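The values are calculated or read from the model by the stated rules, or taken from the named source; none is laboratory data. From a predicted model like this one, the values you see are computed outputs, not experimental measurements. With ideal geometry, Cβ positions are generated from the backbone for all residues, glycine too; neighbour counts draw on all protein chains shown. Calculation scope for accessible area: heavy atoms of the full protein, side chains included, ligands and nucleic acids excluded. Shrake-Rupley method; radii C 1.70, N 1.55, O 1.52, S 1.80 Å.
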Amino acid sequence: MNPSALLVSTNRAEKGAGYASRIAALEDAIDRLYESVPFGTHCVAADGTYSRINALELAWLGRQRHELIGKHKPTDFLTPASQELVRRHVENGGRSGFVDLELELMGADGEVRPIAMTSNWLVDPAGAPAEHRAILFDLTETRRAREQSRLAALAFDALTGICVTDAQGVVLQVNKAFTEITGFLPEDVRGKNMHILNSGKHEPDFYRDMWASISQKGFWQGEIYNRRKDGKVIAEWLSISTVKGADGAAQHYVGSFFDITRSKADQAEVSHLAFYDPLTQLPNRRLLQDRLAHALQLALRSGLKGALLYIDIDNFKTINDTRGHAAGDLVLLAVAQRLRASVRECDTVARIGGDEFVVLLDGLDRSDEVSAARASQVGQTILEVLSRPYLCGDFEFACSASIGVSMFGEGDVAGELLQHADMAMYQAKKAGRNALRFFNPAMQSVVMARVALDQDLRRAIEKQQFVLYFQPQVNAQGRVIGAEALLRWMHPERGMVPPGEFIPMAEETAAILPIGQWVLEAACAQLQRWQSRPATAVLQLAVNVSPRQFAEAEFVDRVLEVVERFGVAAHLLKLEITESMVLDLEDTSEKIRALSARGVRFSMDDFGTGYSSLLGLTRLPLAQLKIDQSFVQSMGERPSDAIVVQTVINMALSLELEVIAEGVETEEQRDFLARHGCHLFQGYLYSRPVPIAEFEAYLAGH
Ligand code: C2E
Ligand code: MG
Ligand code: MG
């Protein structure tokens with residue numbers, strides 16, 4: 001109902017007196033109607049006082065009707081600010097037409113009520129304002145809602161990045177902070193799935209758990225790596241909550257997050273400071289202890305030994321005293337660098353004091369001796385590199401180091417080890433510096449013996465201390481078809497040293513290279529002699545090749561050169577390799593192929609003890625498989641070994657390879673092998689490895 005239309009119709013001056021009572025009745029009806037409407041309404045007479053007011057507005061004001069009619073003006077019940085607003089409005093000529101104002105009513109109890117007032121001045125026929133009628137709407141609820149949405153908008157534009165998606169994770173809205181943190185503008189992401197923020201740094205499990213939590217608890221919170229628009233990965237602290245619809249189903253998801261990349265970087269820096277030496281960036285004592293504990297666990301599990309090398313720079317104090325601390329720092333930095341360069345990537349080099357460094361070597365070897373030898377080798381290298389001059393600006397500084405070593409294995413205690421290595425280091429200092437000492441005296445003598453052996457070994461070739469022994473290889477008819485050449489070292493003091501005692505060491509120190517070359521030449525010289533006599537012209541000779549020798553780039557050329565120099569028929573030479581050499585299948589098969597093309601044959605020695613894959617085996621152009629003696633010897637005892645032997649034989653036959661068994665000691669072994677298709681044998685049953693004269697005597701006898 002349009003109130004002004006009603007008012008117009010109540011303009012009595014225009015109507016005849018006959019209508020007066022009917023109009024009064026109508027007005028009563030309207031007044032009664034107004035008593036029940038959900039808004040306030042009043043009329044104001046020309047003098048500005050109330051002429052009518054409805055029940056709701058009276059209730060707002062907390063007054064009785066008779067207190068107001070003809071006595072108060074509506075402005076009496078406005079807050080001062082609203083009174084001011086009305087005054088200014090009237091001043092600006094606002095006494096005609098419709099007016100919309102937002103004002104504040106003040107009730108009798110002082111309660112302030114925001115209202116929206118729509119009013120209209122009615123004029124008399126002369127055009128003067130006669131009556132003012134107003135309708136007032138309570139704004140309390142609207143204001144509250146408006147305030148809430150203003151707050152929400154404020155929050156939405158806070159520092160926290162916010163992203164609202166629909167139930168499918170499609171982005172509906174993001175705030176400014178979202179753009180600041182992620183670099184994505186609202187138009188970049190709106191309508192796209194949240195996945196576009198994924199950094200790829202989390203496993204699928206991570207997201208699965210996250211969504212499980214959201215669907216169960218309606219909420220998830222945690223650290224997450226997301227990708228910025230520029231591709232940079234940032235760490236965020238993210239909370240995701242579900243907004244549910246009336247039916248309880250997820251309607252929206254609201255993700256709010258802040259950037260914690262910086263604080264993560266701080267954390268990393270703090271932990272770096274806690275575990276690393278600030279000058280050299282090497283692990284400090286704390287981290288070393290950590291790594292040592294780890295290494296001890298490893299030793300327990302693997303049975304492999306390790307070593308702790310305690311290194312102290314001799315006379316370091318002099319450089320600090322004479323050249324200042326800056327020069328001292330330069331030397332320490334250089335020492336750190338040289339130490340790092342002297343060990344494997346996986347070894348730990350730590351700085352645990354002013355000029356004290358520790359090198360932790362783990363996973364060395366099962367044998368104490370071999371491990372100690374390795375540690376000693378690394379120590380010697382370190383002594384050598386640290387004694388090279390240090391260039392500090394315009395002057396050169398020379399110093400040496402003293403090293404104490406303590407070996408460790410299962411059951412050792414971390415705390416003691418460092419102490420032992422330290423004590424050994426003092427022994428090294430006492431021995432005149434630039435020296436290395438083991439904590440364990442037994443270890444010390446073992447290492448000394450090895451060092452001596454190594455030195456002897458290096459001179460063994462020129463002193464002609466090597467000899468080849470020959471062990472016959474026999475076919476099913478008992479005929480000798482050839483021999484395996486086995487190396488013997490005739491040591492002037494130690495007597496005959498078996499290969500097991502020096503070959504592994506020679507392999508480590510590369511001394512095996514000249515030795516291997518010597519063996520090859522000695523073997524070819526022997527083949528040449530055999531070739532020249534009809535009785536021995538068809539004898540084959542098997543020669544063992546060491547992994548290091550085989551790995552040499554020049555291996556193929558060296559073999560061919562020797563074969564040609566001695567003029568031997570290449571097919572009489574058989575090279576024995578082991579499965580451990582087949583690690584690089586490509587390189588191995590290329591070399592074998594190259595030599596096979598010239599007639600040289602290959603045998604896979606100790607077959608069954610390594611890890612060669614069948615597939616690899618089929619790709620290598622081998623001539624022969626040699627069943628390892630350990631299987632042959634336990635064939636009678638362990639049925640499983642008998643099965644292995646049968647399998648190997650069958651496999652060799654189906655790959656069209658020759659198969660030979662080594663370590664055959666008894667008739668039973670030979671018969672079992674023969675029954676299963678193996679027709680070549682080598683072992684004590686026929687002969688031990690013997691010098692050439694004995695071998696040839698054996699040959700003559702058979
Ligand atoms: P291998 O090539 O597997 O040699 C077989 C070993 O088994 C030889 O030990 C041989 O004496 C031994 N043997 C032969 N028949 C029997 C038997 O019936 N019963 C028992 N119990 N043992 C038997 P040896 O001569 O001590 O050689 C040991 C290893 O040293 C060789 O194993 C080989 O790997 C290496 N080796 C020997 N000579 C050379 C060489 O000139 N160069 C290289 N790189 N390694 C060599
Ligand atoms: Mg062999
Ligand atoms: Mg063997």
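Name the residue farthest towards the positive end of the dipole of the range 420-566 from the options Met505, Val538, Leu453, assuming +1 on Cβ of Lys and Arg, -1 on Cβ of Asp and Glu, about the Cα centre.
Leu453
Calculate how steeply helix 512-531 sits against the longest principal axis of the alpha-carbon atoms of the chain, using the helix alpha-carbon long axis, and give the answer as 0 to 90 degrees to the nearest 10.
Once rounded, one gets 40 degrees.
What is the ratio of the Cα radius of gyration of the chain to 2.2 N^0.38 Å, with N the residue count, to two decimals?
In units of the 2.2 N^0.38 Å rule of thumb, it is 1.88.
Rounding to the nearest 10 and keeping the result within 0 to 90°, find how far the Cα-based axis of helix 140-156 lies from the longest principal axis of the chain.
Roughly 20 degrees between the two axes.
At Arg143 and Phe395, where each label point lies 7 Å from the Cα along Cα→Cβ, what is the point-to-point distance in nanometres?
For Arg143 paired with Phe395, the spin-label model returns 8.4 nm.
Going highest first, how would you order 299-309, 118-128, 561-571 by mean Cβ packing within 10 Å? Please list the in-between numbers first.
Values: 299-309: 19.6, 118-128: 13.9, 561-571: 15.8.
Ranked by mean Cβ neighbours within 10 Å, highest first: 299-309, 561-571, 118-128.
Rounded to the nearest 500, what is the chain's calculated 222 nm mean residue ellipticity when only DSSP H runs of at least 4 contribute -39500 (n - 2.57) each, over all residues?
The per-residue figure over the chain is -13500 deg cm²/dmol.
Can you tell me the length gained on complete extension of the stretch His272 to Arg529, counting 0.36 nm per residue apart and subtracting the Cα distance?
Length gained between His272 and Arg529: 85.6 nm.
Out of all Cα-Cα pairs in the range 603-702, roughly what percent, to the nearest whole number, are more than 17 Å apart?
51 percent
Taking +1 at the Cβ of each Lys and Arg and -1 at the Cβ of each Asp and Glu, which of Ala341, Ala299, Tyr276 sits farthest along the dipole of the range 255-377 towards its positive end, judged by Cα position relative to the Cα centre?
The Cα lying farthest towards the positive end belongs to Ala299.
State the extension gain, in nm to one decimal, for the chain segment bounded by Ser634 and Gln173, taking 0.36 nm per residue of separation less the distance between their alpha-carbons.
My answer for the length gained is 158.4 nm.
List the relative contact order of the range 306-422 as a percent without decimals, with contacts defined as Cα pairs under 8 Å and 6+ residues apart.
Computed over the range 306-422, the figure is 40 percent.
Debye calculation, C-alpha points only, no solvent: report log10 I(q)/I(0) for the range 647-702 at q = 0.13, 0.19 Å⁻¹, in the same order as the q values.
-0.40, -0.72
Once you have the Kirkwood Rh of the range 16-124 from its Cα pairs, apply Stokes-Einstein at 4 °C and 1.567 mPa s and quote D in µm²/s.
It comes out at roughly 86 µm²/s.
Mind ordering 203-216, 397-410 by average Cβ neighbours within 10 Å, highest first?
Highest-to-lowest ranking by the protection proxy: 397-410, 203-216.
List the relative contact order of the chain as a percent without decimals, with contacts defined as Cα pairs under 8 Å and 6+ residues apart.
Computed over the chain, the figure is 6 percent.
Given a Förster distance of 51 Å, report the FRET efficiency between Asn475 and Val451 from their Cβ-Cβ distance, rounded to the nearest 0.05.
Numbers: r = 46 Å, r/R0 = 0.89.
Given R0 = 51 Å and the Cβ-Cβ separation, E is 0.65.
Have a look at Val480, Leu386, Ile592 and report the one farthest towards the positive end of the charge dipole of the chain, computed about the Cα centre with Cβ charges (Lys/Arg +1, Asp/Glu -1).
It is Leu386, whose Cα lies furthest towards the positive end.
Can you list the aspartates and glutamates whose alpha carbon sits under 13 Å from that of Lys71, skipping same-chain ones fewer than 8 residues off?
Asp47
Give me the base-10 log of I(q)/I(0) for the range 103-154 at each q in 0.23, 0.27 Å⁻¹, Debye formula, one uniform scatterer per Cα, rounded to two decimals.
-0.88, -0.98
Given C-alpha coordinates of the range 565-656, what is the ratio Rg to Rh with the Kirkwood estimate of Rh?
1.02
Pairing the Cα long axis of helix 585-597 with the longest principal axis of the chain, what angle in degrees results, from 0 to 90 and rounded to the nearest 10?
30 degrees
Calculate, for Arg262 and Asn198, the FRET efficiency according to 1/(1 + (r/R0)^6) with r their C-beta to C-beta distance and R0 22 Å; round to the nearest 0.05.
Efficiency computed from Cβ-Cβ geometry: 0.55.
Let me know the charge dipole size of the range 345-489 about its Cα centre in debye, to the nearest 20, where only the beta-carbon of Lys, Arg (+1) and Asp, Glu (-1) is charged.
Dipole magnitude for the range 345-489 comes out near 720 debye.
Nothing charged except the Cβ atoms of Lys and Arg (+1) and of Asp and Glu (-1): what's the magnitude of the dipole of the range 464-547 about its Cα centre? Round to the nearest 20 debye.
Dipole about the Cα centre, nearest 20: 440 debye.
Write down the Å³ per residue value for the convex hull defined by the alpha carbon atoms of the range 474-516.
Values: hull volume 4.8 nm³, N = 43.
About 111 Å³ per residue, rounded to a whole number.
Starting from the Cα of Leu85, step 7 Å along the direction of its Cβ; do the same at Asp671; then give the gap between the two resulting points in nm.
12.1 nm
If you wrap a convex hull around the alpha carbons of the range 334-456, what volume per residue comes out, as a whole number of Å³?
With only Cα atoms used, the range 334-456 gives 121 Å³ per residue.
In cubic angstrom, how much convex hull volume per residue do the alpha carbon atoms of the range 258-393 span? Intermediate results must be reported in sequence, preceding the final value.
Values: hull volume 17.6 nm³, N = 136.
Looking at the range 258-393, the number lands at 129 Å³ per residue.
Using the crude model of +1 on Lys and Arg Cβ and -1 on Asp and Glu Cβ, and no other charge, please compute the dipole size for the chain relative to its Cα centre, in debye to 20. Numbers along the way, then the final one.
Values: 72 positive and 91 negative charges, 168 e Å.
For this selection, approximately 800 debye.
Any idea what % of Cα-Cα pairs in the range 192-322 are farther than 27 Å?
For the range 192-322, the fraction of Cα-Cα distances above 27 Å is 53 percent.
Rounded to whole Å and sorted largest first, list the principal axis extents of the Cα atoms in the range 494-549.
Reported extents, whole Å, longest axis first: 41, 26, 14.
Per residue, how much accessible area does the range 313-435 show when a 1.4 Å probe rolls over the protein heavy atoms, in square angstrom?
On a per-residue basis, 46 Å².
With labels modelled as points extended 7 Å from the Cα through the Cβ direction, what inter-label distance (nm, one decimal) is found for Leu585 paired with Thr509?
A separation of 3.7 nm, rounded to one decimal place.
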